[in-house]
1. Applying the selection to region 67-82, what residues are touching a residue at least 60 places away in the same chain (Cβ under 8 Å) and either of a type in the set (Val, Ile, Thr) or surrounded by fewer than 17 Cβ atoms within 10 Å (Cβ to Cβ) (or both)?
2. From the residues in region 140-193 that are out of contact with any Leu (no Cβ under 6 Å at 6 or more places or on another chain) and hydroxyl-bearing (Ser, Thr, Tyr), which one is farthest from GLY102 (Cα to Cα)?
3. Of the residues MET217, MET236, which single one is in contact with a Lys or Arg (Cβ under 6 Å, 6 or more places away or on another chain), farther than 15 Å from GLU26 by Cα and hydrophobic (A, V, I, L, M, F, W, C)?
4. Just checking, how many residues over region 1-34 are closer than 20 Å to GLU209 by Cβ, outside any helix (DSSP H, G or I) and open to solvent by 30 Å² or more (accessible area, probe 1.4 Å)?
5. What's the total number of residues in region 37-48 that are more than 10 Å from ligand 1 (Cβ to nearest atom) and either in a helix (DSSP H, G or I) or on the phi > 0 side of the Ramachandran plot (or both)?
6. I'm told GLY117 meets every condition in (1) in contact (Cβ under 8 Å) with a residue 60 or more places away in the chain; (2) buried (at least 20 other Cβ atoms within 10 Å of the Cβ) except one. Can you identify the failing condition by its number?
7. Could you check region 136-241 for strands (runs of 3 or more DSSP E) lying wholly inside it with 3 or more residues that are in contact with a Ser or Thr (Cβ under 8 Å, 6 or more places away or on another chain), surrounded by 22 or more Cβ atoms within 10 Å (Cβ to Cβ) and modelled with pLDDT of 95 or more?
Amino acid sequence: MIEQAKALLRGAKRPLALAGAGLSAESGIPTFRNSGGLWKEKKAEDLATPDGFRRDPQMVWEWYAHRRDQVRECKPNPGHTALVELERLRPEFWLLTQNVDGLSRTAGATRVLELHGSLWVFKCFTCPYSRQDLQVPTLLNNQCPVCKTGLLRPGVVWFHEPLDPWIVSRSQELVTACDLLLVVGTSAQVYPAAGFVPLAMQAGAKIIEINPEDTPMSKYATLTIRQPVGKALPEMLAGLI
Ligand code: BJW
Ligand code: ZN
């Protein structure tokens, strides 16, 4: 499998990766839908929707403060580093990540689009104010410095919220132009990201899925590698020039 994946990667001029929580799992960050995953213990409707924030902004704010604390304890893993190496080797490579932890950037990725925002951004719930800051305030008594009425909230994309339209349209361009899509550590259940897999397939790209588990998108894969990404990706890249 790895040898076949290597051959596909060697022949690809415009590889693209779509990543999910499994990419950061080996750094110690919990996924959402595996056993022990965040949505197994907590309700997404309470913590990751605008209605949940309206009902109990303090609880949501505290949960995200906890998530940031968790990420501060973690380092990028060999999966993140391999994708940075691929960026170095292939000038047209881009990473589309659903992860909000910023670990790909910490690892050195620059051609990366964060589809679901970032834990290290906070923005106003009411007006367009948004700010990137590693020292995100941890108390909810922070009101928006611009409109003075809105509450600050994490700069992530919750369910029922649109993704940044520029990021979506740039991603769609990259997906339809790529010749190889690596689908890495995502359960491929959340849209619009999951829809990028059939879109790439229809546009003629080969697809390699790297995930120990089957997903609804496995059926589109040219090759499935049922291994952890931190093992499979570095092996695929070994000797690639
Ligand atoms: C490993 C591994 C290892 C483990 N190596 N692998 C079309 C159809 C149906 C529904 C919809 C649709 N279009 C929109 C929807 C609704 C909804 C949606 O998709 N719902 C589905 C659940 C059905 N989508 C939305 O609401 C989106 N918004 C939208 O479409 O807006 C439209 C709109 C337009 C105009 C006005 C208003 C609205 C927004 C989605 C936002 C998702 N947000 C979250 C939270 C982010 C903040 C936070 O982190 O708290 O994003 S939810 C959560 O899921 C998070 C993730 O990025 C996302 C995806 O999860 P991911 O990354 O795949 O993680 P897991 O845990 O599911 O999977 C991990 C995988 O890794 C597993 O497969 C493991 O096996 C594997 N793994 N270890 C490799 N070592
Ligand atoms: Zn505001």
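The values are calculated or read from the model by the stated rules, or taken from the named source; none is laboratory data. Note that the coordinates shown come from a computational prediction; the quantities given were computed from them, not determined experimentally. FYI the Cβ positions are ideal-geometry reconstructions off the backbone, even for glycines, and counts take in every protein chain you see. With ligands, DNA and RNA removed, areas are computed over all heavy atoms of the protein, side chains included. Shrake-Rupley method; radii C 1.70, N 1.55, O 1.52, S 1.80 Å.
1. Residue satisfying the conditions is THR81 alone.
2. THR149
3. Checking each option against the conditions leaves just MET236.
4. So the answer is 6.
5. Adding up the residues that qualify gives 3.
6. (1)
7. Qualifying strands (runs of 3 or more DSSP E): 206-210.
This table checks each residue for (1) closer than 21 Å to ASN34 by Cβ; (2) free of Cβ contacts under 8 Å to residues at least 60 places away in the same chain.
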position: ARG170; (1), (2): no, yes
position: GLN189; (1), (2): yes, no
position: VAL197; (1), (2): yes, no
position: LYS206; (1), (2): no, no
position: ASP214; (1), (2): yes, yes
position: MET217; (1), (2): yes, yes
position: ALA221; (1), (2): yes, yes
position: GLY239; (1), (2): no, no
